[in-house]
Amino acid sequence: MPSQNSVKTEGLQINCIVKGFIWSLIITIFLSILASLLLQFTSLSETLLSGFSAFIFVVSMFLGAVIGARAAGGMGLIHGLAVTLLYWALLFIISLIWGLEPFSFLHMLKRFVLSLATGIVGGIIGIGLSQK
């Protein structure tokens, strides 16, 4: 009889998706605070803000997808994609409500494709980490 640690549950695990999503938000907040402190207390220019924002977007989604897929222990592609699409949807809604710039379909499409790629890679790596 296999031990409980080696048994993996089948199917979509919502709790693992939520866990990855919450970690994505925590990482986003942490990196945003770090970026704002860097801009405030160093000679870095505010023109780097869009680069910081893109970096934070990708790293937060990637790590959330890794955490969600690793926690699920299976179906990493699906769990990673679910985490990143949930994260993208939240940012999409926030940008529609509080966006200072006019809505750009092309910009949101680029972010969506980036979310898909990040979720796929993060999910695959998360499964790889769960099997060690």
Residue count, region 33-70 (criterion: touching a His at 6+ places or on another chain (Cβ under 8 Å) and farther than 18 Å from residue 89 by Cα)
1
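Select, from 10, 46, the only residue that is among the charged types (D, E, K, R), on the phi < 0 side of the Ramachandran plot and free of Cβ contacts under 8 Å to residues at least 40 places away in the same chain. Show your work before the answer.
Numbers: 10 fails: free of Cβ contacts under 8 Å to residues at least 40 places away in the same chain.
None of the other options fit; the residue is 46.
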Of (1) in contact with a helix residue (DSSP H, G or I) (Cβ under 8 Å, 6 or more places away or on another chain); (2) farther than 19 Å from residue 122 by Cα, residue 61 satisfies every one except (2)
Which of (1) in a helix (DSSP H, G or I); (2) more than 26 Å from residue 11 (Cα to Cα) is the odd one out, the single condition residue 124 does not satisfy?
(2)
Subset of region 55-92 (residues that are among the β-branched types (Val, Ile, Thr) and under 21 Å from residue 30 (Cα atoms))
56, 58, 59, 66, 67, 83, 84
Qualifying residue in region 50-66 (condition: in contact with a Ser or Thr (Cβ under 6 Å, 6 or more places away or on another chain), at pLDDT 85 or above and either on the phi > 0 side of the Ramachandran plot or of a type in the set (Lys, Arg) (or both))
no
Six or more apart or on different chains, Cβ under 6 Å: which pairs go from a residue in region 97-126 that's modelled with pLDDT of 90 or more to one that's crowded, with 16+ Cβ neighbours inside 10 Å and among the basic types (Lys, Arg)? Could you list them?
126/70
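The values are calculated or read from the model by the stated rules, or taken from the named source; none is laboratory data. Owing to the predicted nature of the structure, the values given are computational and were not obtained by experimental measurement. Every residue, glycine among them, receives a Cβ derived from its backbone with ideal geometry; neighbour counts consider all protein chains shown.
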